[in-house]
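Everything on this sheet refers to the single structure shown next.
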Amino acid sequence: MPIIRVPKSWEIPENEVTPEAAFYNRRRFLKTLVGAGLGASILPIVGCQESASSENVELNKTLDKPKLTGVKLNSAFAEVDRPITNEKLAGQYNNFYEFGSGKSIWQSAQALPSDNWKVEVTGLVKNPQTYDLDDLQKKFNLQERIYRFRCVEAWSMAIPWIGFPMRDIIAAVEPTSQAKFVRFSSYYDPKVTYGPLLTFGKKLPWPYQEGLRIEEMANDLAFFAVGVYGHLLPDQHGAPIRAVLPWKYGFKGAKSIVKVEFLDKQPATYWNTLVPNEYDFEANVNPTKPHPRWSQATEKFVGKGPGFSWERKETLPYNGYGEYVASLYV
């Protein structure tokens with residue numbers, strides 16, 4: 001039986017925050033396909049305004065992670081054409097389907113067990129490796145990059161990630177000539193990452209997996225993030241390590257990665273397996289290629305206040321990063 005929570009006076013139901021048909025349709029699709037199960041369409045999100053509520057205090061605690069010191073901002077990615085998204089809003093407006101299909105999953109995501117984390121890098125490589133959290137922070141030269149973030153739901157943010165280029169992993173493990181693709185596998189334990197409330201008998205393709213061509217992984221933009229806003233990743237952002245691919249839709253960025261595998265064939269991926277006619281493997285941001293149920297020509301830049309007040313922007317090909325990646329697709 002799904003639980004329906006009545007929003008507080010300072011909360012705004014999601015269907016009021018983002019009234020656009022595109023966003024509403026996808027939320028409705030997710031409810032029926034993968035089972036959000038919130039009967040009265042009550043999907044509240046925490047308001048960005050300051051509040052003394054206990055829930056706001058708890059949100060702040062999830063964002064209070066150890067600082068990453070000595071990290072330099074990469075001058076090539078030091079700014080974008082929009083302000084950096086408010087950290088509190090970015091920390092409570094997330095897609096993380098292992099913890100549910102709504103936006104406000106930041107509380108349930110705190111169940112993610114990050115102690116003794118290991119990332120296995122394996123497959124068609126000469127030097128397979130297993131990294132722990134200390135390795136991820138010290139064996140690779142961390143840097144900060146400000147990237148535009150574009151969701152397939154037609155909303156966007158600007159996020160200051162901290163991490164290292166994916167090609168550093170490539171250099172460390174030395175893929176063989178047979179390696180053509182890479183697969184990222186996210187943490188999965190059905191007792192912890194239980195997913196949507198209801199599935200209506202549909203088997204979901206857990207664990208969450210995503211993939212790239214090896215040429216895409218080697219591109220300078222492709223990034224493994226271990227931090228954000230100057231500190232380690234909060235759980236709701238995909239701690240302790242996630243993929244960041246700013247020229248692709250956000251669902252390509254696997255969170256809480258436990259395995260990286262180099263393969264000779266294109267791997268199956270979560271959304272492409274579940275709904276292949278709506279979410280393709282490549283998933284490059286393309287304003288001229290609409291989603292089957294909404295346009296991708298524009299996006300709403302997430303900000304303070306209700307969704308109708310968010311700034312609308314024209315979506316750029318490859319999310320504005322064509323100079324880096326367009327040559328991969330000719």
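The values are calculated or read from the model by the stated rules, or taken from the named source; none is laboratory data. Note that the structure is a prediction, hence the values are computed from the model and not measured. Note: areas computed on protein heavy atoms with side chains; ligands, DNA, RNA excluded. Shrake-Rupley method; radii C 1.70, N 1.55, O 1.52, S 1.80 Å.
Under a 1.4 Å probe, what is the accessible area of segment 174-310 per residue, stated in Å²?
Roughly 37 Å² per residue, with all protein chains present.
Which three numbers, in whole Å and largest first, are the semi-axes of the equivalent ellipsoid of segment 224-330 derived from its Cα gyration tensor as √(5λ)?
Semi-axis lengths for segment 224-330 are 24, 22, 15 Å.
If you roll a 1.4 angstrom probe over the protein chains with everything in place, what fraction of the accessible area of segment 73-157 belongs to carbon and sulfur, to the nearest %?
Details: 1530 of 3490 Å².
Carbon and sulfur together cover 44 percent of it.
Ignoring any ligand, DNA or RNA, what whole percent of the accessible area of segment 221-310 comes from carbon and sulfur when the probe is 1.4 angstrom? Each step should come with its number before you reach the end.
Working: 1500 of 2680 Å².
Carbon plus sulfur share of accessible area: 56 percent.
Please give the solvent-accessible surface of Thr130 in Å², to the nearest 10, using a probe radius of 1.4 Å with every protein chain present.
Its heavy atoms expose roughly 80 Å² to the probe.
Can you put Phe149, Phe99 in order of accessible area, largest first, using a 1.4 Å probe?
Working: Phe149 45, Phe99 10 Å².
The ordering from most to least exposed comes out as Phe149, Phe99.
On the full set of protein chains, 1.4 Å probe, figure out the accessible area of Asp235 and give it in Å² to the nearest 10.
For Asp235, solvent-accessible area is about 10 Å².
Report the relative contact order of segment 52-154, percent, no decimals, based on alpha-carbon pairs under 8 angstrom and at least 6 residues apart.
31 percent
When only C-alpha pairs under 8 Å and at least 6 residues apart count, what is the relative contact order of segment 226-330, in percent?
It rounds to 19 percent for segment 226-330.
Using heavy-atom solvent-accessible surface (probe 1.4 Å) with all chains present, what is the largest-first order of Ile105, Ile84?
Listed by decreasing accessible area, they come as Ile84, Ile105.
Rolling a 1.4 Å sphere over the protein heavy atoms, what is the accessible area per residue of segment 111-160, to the nearest Å²?
Per residue, segment 111-160 has an accessible area of 44 Å².
In this model, which of Lys67/Lys139; Lys65/Lys248; Lys138/Lys304; Lys67/Lys289; Lys72/Lys248; Lys88/Lys313 are farther than 29 Å apart at the alpha-carbon?
Exceeds cut-off: Lys138/Lys304; Lys67/Lys289.
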